[in-house]
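First comes the structure, then the notes that go with it.
The values are calculated or read from the model by the stated rules, or taken from the named source; none is laboratory data. Only a predicted model underlies this, so the values are computations on that prediction, with no experimental measurement involved. FYI the Cβ positions are ideal-geometry reconstructions off the backbone, even for glycines, and counts take in every protein chain you see. SASA here: full protein model, heavy atoms, side chains in, ligands and nucleic acids out. Shrake-Rupley method; radii C 1.70, N 1.55, O 1.52, S 1.80 Å.
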Amino acid sequence: MRPLAKRQFLGLCCLVVIVGLTVIARLLVYRDISGVLTWEWTGSDAMSLRWTAVRVAAIAGASLAVSGVLLQALLRNPLASPYILGASSGAALAVVMVMYLQSSLAITWNLRGMDTMPAAVGAVGTLGVVYLLGQKRGWLDPISLVLVGVVVTAICGALIMFFHHLLPHGLKADLVTWMMGIIRQGASTSELIITGSIALIGSAIALFFGRAMDAATLGDDEARSIGLSLGPLRLVLFVVAGILTSAAVALAGPIGFVGLIAPHAARLILGPKHTVLVVGAALAGIALLIGADVASQIISVQGGRMPVGVFTALIGGPAFIWLLRSGRGRS
Amino acid sequence: MTSLFQDGMKCHYHGYRPNGTIYTMGEIRLIRLRHLWVILLYMAVMAIVGCRNDDPEVVNSAGTASQLRIVSFSPAITRALVDLDLEEKIVGRSTFCTSLPTDIPVVGDLLQINYERLLELQPTHILMQTSREGADTRLLELAEQKGWKIGQWSRINTLADIERMVRAIPDVLYEQESGEHHRMSDKIDTLWRRLDRILHAEASDRWQGPVLLVHHIDPVAVFGRETYLSDLLIALGASNATEVTGWQNLSLEDVSHLNPPAVIIIAETSEDSSVDPWELAGPLGKLKIEAVQTRRFAVLSNPDAWLPSTGVISVAEELREILHQFNQSTIPEQ
Amino acid sequence: MSLRLENLSHRYGSLDTLQRISVQAEPGKITAVLGPNAAGKSTLLKCVIGSERPVSGHVYIQGSQVTDLSPRQLAQHVAYVPQRSTVAAAFTVQDVVELGRYALPRNPSRIQNALANLDLLELAHRPYPALSVGQQQRVTLARALCQVEDNGIMVLDEPTSAMDLKHMQQCMTLLRQLAERGITILLVLHDISMAAQVADAVWLLERGTLVASGSVAEVLQPDRLKSVFHVPFAWIQETAGRRRLVALMQSTVNVDTMEQP
């Protein structure tokens, strides 16, 4: 690994500090239903719930951010995000179908609150379909991938509406809640271990291919001429990004904008080299998602809790528009 | 059939005397007569089959009871109609009206009305729930034109809303002083008396403390105040553990903070009430709250719990049962 | 390192882009690949660097078939300068040049040398997308320079099309120096005059077939050039035994008949 430039080192330190601050904020801040804001180290029950929330947000945020970096390199498009390939709609479709099956077969709903398995299966399955259809001459082709992803997302969307229509009333509300993303305070240890491992391994693989991703920013022929095997690289990027996205969606539902904004934020601070970018984006994603969760702790509407996806959209939406207009979005 | 007609035509051409009587030669006439019975029988069958749904008269105003043709766009209203023995009068329903057999056609729902089908069904009354802006103007115009009577209700959230909705049904369907109106009002009174009995029987033997009504675990989705289940709870003598109004999401930490002494999980699907509440409760069952420590956790798995309609009467019974059980189990967990 | 094409044929869909081309490029020499548009020049280069697979025939580099080599192995022998380069990230000039060493061991002095040779030292930390096209072409060339080894092959597809004259001259001088170090250079040029100046050997292509190959004098004969390019050429005597090939482009055309006087 090459030595880090001073700017990059400082940038990483900065990000680490920001992550630390958000973690501390999440552990200390609480606004209860009657509106009283507390800022204190409290009893163990609440603290373990908050700590679980921190870990969920960290794992989901890092997974989405790294997945975003990989996809932006794969598709050679800085506006690519983890959901462009249909993973989140596939997950949502699987979740709604399982809800429907359970309700129509009158099976005891003992997966309440645990949409993990169907979401994971749905995301991976959809990505498999996109993989099969997005090839050109046997290798993945960026343009085909995007087109197939868009079509698959649209089809999934229609099917989701169909099944949502058929759900009984309570489950309808549950689905809508899930689709806006939830940082669950009750996630089990096994869920955290599995998704955490996936996030770590995926990030490590992304780091390993950092230089290859740099080389992939050149045109197809030129990249090949400097020694890059573009076909296998694209496959690796696709699979790793897909698994990371699936893990994040399974854990926290489809939370938008993190996978798009975190890589860009990291690029602003650390520059475009992918090795450093993977680490930086992961940190930025963690900070972004924990920060959004802190916001959902502080801001409550009519006494209830807003889903975290609302806050990532509130931050991410304007940021996305700024990106487009500032020309950074143009490759 | 072709040959039959050909025969007939042939006969017609050859066999009619100027005075209209038929003549034919021997056996051809016999065959024709036999076939004529087939035709007549066929026509009779068609008439019966085709006319099954036809009501020759269309009622233009409330009051001519035997010709009621009701379209309901709201599952809650449909359910009330069924419980008031008006099921046969329903000719059209919304997609979500699952209280009815599926052969009753769907005419859309609150967001999208299938006007063609609506017109085909020739309703007399249309019952629906609408938002603050009221019914779709197109529907109102059509109703004006065709003489349909429209009954509209806005939100049906509380128990009082439900009662109001049900009591208004006879006003929409019948003339104020008519016999049918009286009969229906009586039925409604009977239903509500039944509810009263349930709510007030053996009051002292029930849990009368706060209860958290939960329908999703993480985040914790609750039935807050001013919802019909909460109203039932309060009418049964207990209280709602949370102060939020309406349907809200809370975090597990919020529940921990709230420390409710009892929790009821409103299950969605199964009518099998032998569901283990702890399995369903998941992370909620691991919090250090009074409800967990005293094991006051129960599952209400009545599908009527989700319909703000006359079905809540049976839900009230189950709720009462649960509160009764809560009163028994004040043994702290070891 | 020797470069040999044997019966190389390539097809794109139903179109025959290259037809049975057999020819050899000498190490230490600049071979110009010339021809009108759609002659197959770029396709030929892409077959040499392994980007395109021929439908029949082979490309041999020092005896090994190009199709048998992995991209990494190939990169150690062949450097490629494409007609148009894209970089989908805001890398600096230095970052891009460094990419030339992707398949090779780190060598910071090579990078500095390459930047110096192409007059890029001042631009080294500017972002690549902010440069002009001509400057970007120099960066691509520097990248290839960084990559190529002394006994290697450099394949260039119109490397100077957007450069200004000074840098064009610099580039040609640089190629000559590389050739003297033993590098085999395969160069596609549009400018026949320049090719005649700088090349040692010429491959003349027309619609996928090799019309002629050999030294400049053998191949670039005016009547042959006229039949391939449909423009008259002439060798003009300069001082001291040097000749310059010039295309005799007419500036006036009879509009009614489209004839040249």
Please report the buried accessible area for the interface of A with B, total over both chains, probe 1.4 Å, in Å² to the nearest 100. 3100 Å²
In Å, what Rg and Dmax follow from the Cα atoms of the protein assembly as shown? 40.2, 130
Report the gain in length on full extension from B:Q208 to B:D85: 0.36 nm times residue separation, minus Cα-Cα distance, nm rounded to one decimal. 40.7 nm
Would you tell me the mean number of C-beta atoms belonging to other protein chains that fall within 10 Å of each C-beta in A:213-221, as a whole number? 6
Hey, with R₀ at 41 Å, roughly what FRET efficiency would A:A173 and A:K136 work out to, going by the Cβ-Cβ distance, to 0.05? 0.45
Suppose we look only past 18 Å in the calculated P(r) of region C:15-107. What percent of the Cα-Cα pairs does that tail hold? 56 percent
Candidates A:V17, A:V301, A:V151: whichever shows maximal mean-square fluctuation once chain A is modelled as a Gaussian network with Cα springs under 10 Å: A:V301
Kindly flag which residue pairs out of A:K172/B:K89; B:K149/B:K187; B:K89/B:K146; B:K89/B:K187; B:K146/B:K187 have an alpha-carbon separation exceeding 25 Å in this structure. A:K172/B:K89; B:K146/B:K187
Which one, C:T86, C:T160, C:T173, has the greatest fluctuation when you compute a Gaussian network model over chain C with C-alpha springs under 10 angstrom? C:T86
Phi to ³J(HN,Hα) by Karplus 6.51 cos²θ - 1.76 cosθ + 1.60 over region A:126-138, Hz, x for Gly, Pro: 4, 5, x, 4, 4, 4, 5, 8, x, 9, 9, 6, x
Region B:210-328 -> Rg/Rh from Cα coords, Kirkwood Rh, value 0.92
Separation of the B:S239 and B:Q328 label points, Cα + 7 Å toward Cβ, nm: 2.7 nm
For the protein assembly as shown, which whole percent of the accessible surface, found with a 1.4 angstrom probe, sits on carbon and sulfur atoms? 57 percent
FRET efficiency, A:I321 to A:L21 (Cβ-Cβ, R0 35 Å, nearest 0.05): 0.85
Determine how many Å³ per residue the convex hull of the Cα atoms of region B:62-170 encloses. 100 Å³
More than 21 angstrom apart: percent of Cα pairs within region C:104-261: 56 percent
Just going by the charge dipole of the protein assembly as shown, with Lys and Arg at +1 and Asp and Glu at -1 on Cβ, which of C:I49, C:T239, C:G134 is farthest out on the positive end? C:T239
C:A240/C:T173 FRET efficiency (R0 22 Å; Cβ-Cβ; nearest 0.05): 0.70
What does the average come to when, for each residue of peptide C:95-103, you count the partner chain Cβ atoms lying within 10 Å of its Cβ? 5
accessible surface per residue for region C:1-103, probe 1.4 Å, DNA/RNA/ligands not counted, whole Å² -> 41 Å²
Within region B:197-245, report the GluC sites (Glu not before Pro) that DSSP leaves as loop and that have at most 14 other Cβ atoms within 10 Å. B:E202, B:E243
Anything in chain C that counts as a DSSP H helix reaching 15 Å or more along its axis (C-alpha) with Kyte-Doolittle mean of at least -0.5? List them, would you? C:133-147, C:165-180
Hey, rough spin-label estimate for C:T86 and B:R138, points 7 angstrom out along Cα→Cβ, what's it come to in nanometres? 4.6 nm
In Å and on Cα atoms, what radius of gyration and Dmax does region C:115-169 show? 11.4, 34
Taking both sides together, what accessible area is buried at the C/A interface, probe 1.4 Å, expressed in Å² and rounded to the nearest 100? 2300 Å²
Taking the C-alpha atoms of region A:52-320, convex hull volume expressed per residue in Å³: 121 Å³
